[in-house]
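One structure is given below, encoded as structure tokens.
The values are calculated or read from the model by the stated rules, or taken from the named source; none is laboratory data. Small disclaimer: the values here were computed from a predicted structure and weren't measured. A quick note on method: Cβ atoms are made from the backbone with ideal geometry, for glycine too, and the neighbour counts reach across all protein chains shown.
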Amino acid sequence: MVFKSEGEAGEGNYGEDPWKREINRHLMNGVINLDKPSGPSSHEVAAWVKRMLGLKKVGHGGTLEVLKPGKSSRFRSLALSPAERD
Amino acid sequence: MKLHADVSEDKIREALLKFQGEIYQKPPLRSSVKRVRRIRKIYKVEPLEINGRNVLFRARVDPGTYMRKLCVDLGYALGVEAHMEELRRTKSGVFDEKNSVDLYDVYGAVLDLREGNETTIRKIVRPIEEALAPFPKVVIADASVDPVCRGMALRGEQILAAEKGITAGTEVVLITKRKEAVALGVAKADCKDLPLSENPFNISRVIMDAGMYPRLTGSPPV
């Protein structure tokens with residue numbers, strides 16, 4: 001790290017340690033490295049996790065794979081990022 | 001990968017090796033990106049098992065490489081055609097198979113959470129900061145956190161520290177003094193010039209919700 005020699009006088013102590021977030025905020029700002037079963041789509045799995053955790057927003061990222069009509073997608077692992085709970 | 005006709009093992013190994021390096025790929029018909037030929041790097045292809053027409057291999061590739069397409073192209077190279085039978089992502093960024101969990105783990109942790117036990121869910125859901133670990137970090141002043149969350153540009157003088165090695169074009173993560181992720185952005189200048197710049201980053205994605213840090217006006221956080 002290259003530090004700039006400038007203090008931050010008069011600033012309060014805001015924010016919180018990412019590893020000690022309050023549980024709701026922890027879930028909203030979290031990711032899951034999920035080993036998705038073969039069969040259901042990533043989109044479906046994301047929706048299930050969303051319901052289980054009572055979150056408003058859950059997204060997924062992972063392997064690029066084109067779903068062929070009539071064929072289910074295979075094994076994939078993906079990360080889910082829950083955000084914005086209510 | 002499943003080959004559509006018999007090929008000798010040597011030929012298969014040879015073809016796999018030949019695909020290492022930069023290759024052209026055109027996204028498939030049903031894809032979410034524009035279908036223009038693009039270059040992707042195949043860092044490593046390792047055959048794990050060859051059993052008749054079934055070939056199991058491990059490939060380390062650039063983001064946005066279509067594996068199904070790679071199999072099809074390998075088939076053409078071998079002159080027999082082929083398709084992808086099964087795909088498994090074993091590693092991506094900081095995530096790999098070893099630290100992954102399954103849906104039952106998630107469900108178990110949710111049940112624990114409902115009983116008031118947070119320990120298991122905290123092991124399964126990890127802070128977003130862990131996923132962003134590979135990005136170089138730029139520490140910004142507390143006063144500029146909320147404005148950035150609300151979409152304002154970050155001024156150079158608000159940078160407290162910037163990781164060495166950042167050059168123009170580097171994708172970085174802006175963090176607070178407490179190491180919370182604020183936003184992702186692309187540096188417009190080299191590390192040492194960033195603090196002098198009026199608008200040093202193209203901010204691509206805001207991560208933190210507005211309201212976590214006090215507003216510019218100095219009013220206390222709600």
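One table, with the values for the structure above:
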| quantity | calculated |
| --- | --- |
| Residues located in segment B:57-92, provided they are under 18 Å from residue B:10 (Cβ atoms) and outside any loop (DSSP other than H, G, I, E, B) | B:57, B:74, B:75, B:77, B:78, B:82 |
| Output for segment B:1-56, where each listed residue is in contact with a Pro (Cβ under 8 Å, 6 or more places away or on another chain) and either assigned to a strand (DSSP E or B) or under 18 Å from residue B:83 (Cβ atoms) (or both) | B:12, B:16, B:38, B:55, B:56 |
| Candidates B:66, B:43 - the one that is hydroxyl-bearing (Ser, Thr, Tyr), closer than 30 Å to residue B:7 by Cα and at pLDDT below 95 | B:66 |
| Filtered residues of segment B:56-91 (kept if within 27 Å of residue A:30 (Cβ to Cβ) and either touching a residue at least 40 places away in the same chain (Cβ under 8 Å) or at the interface with chain A (Cβ under 7 Å from one of its Cβ atoms) (or both)) | B:64, B:87, B:88, B:89 |
| Single residue of segment B:14-53 satisfying the filter (surrounded by 16 or more Cβ atoms within 10 Å (Cβ to Cβ) and more than 29 Å from the chain's Cα centre (by Cα)) that is farthest from residue B:76 (Cα to Cα) | B:50 |
| Residues being more than 9 Å from every other protein chain (Cβ to nearest Cβ), touching a strand residue (DSSP E or B) at 6+ places or on another chain (Cβ under 8 Å), more than 22 Å from residue A:28 (Cβ to Cβ) and outside any loop (DSSP other than H, G, I, E, B) - total across segment B:129-187 | 6 |
| Selected residue (criterion: farthest from residue B:172 (Cα to Cα)) from residues of segment B:190-217 that are outside any loop (DSSP other than H, G, I, E, B) and in contact (Cβ under 8 Å) with a residue 40 or more places away in the chain | B:196 |
| Residue B:104 free of Cβ contacts under 8 Å to residues at least 12 places away in the same chain and either away from chain A (no Cβ under 14 Å) or exposed (fewer than 14 other Cβ atoms within 10 Å of the Cβ) (or both) | yes |
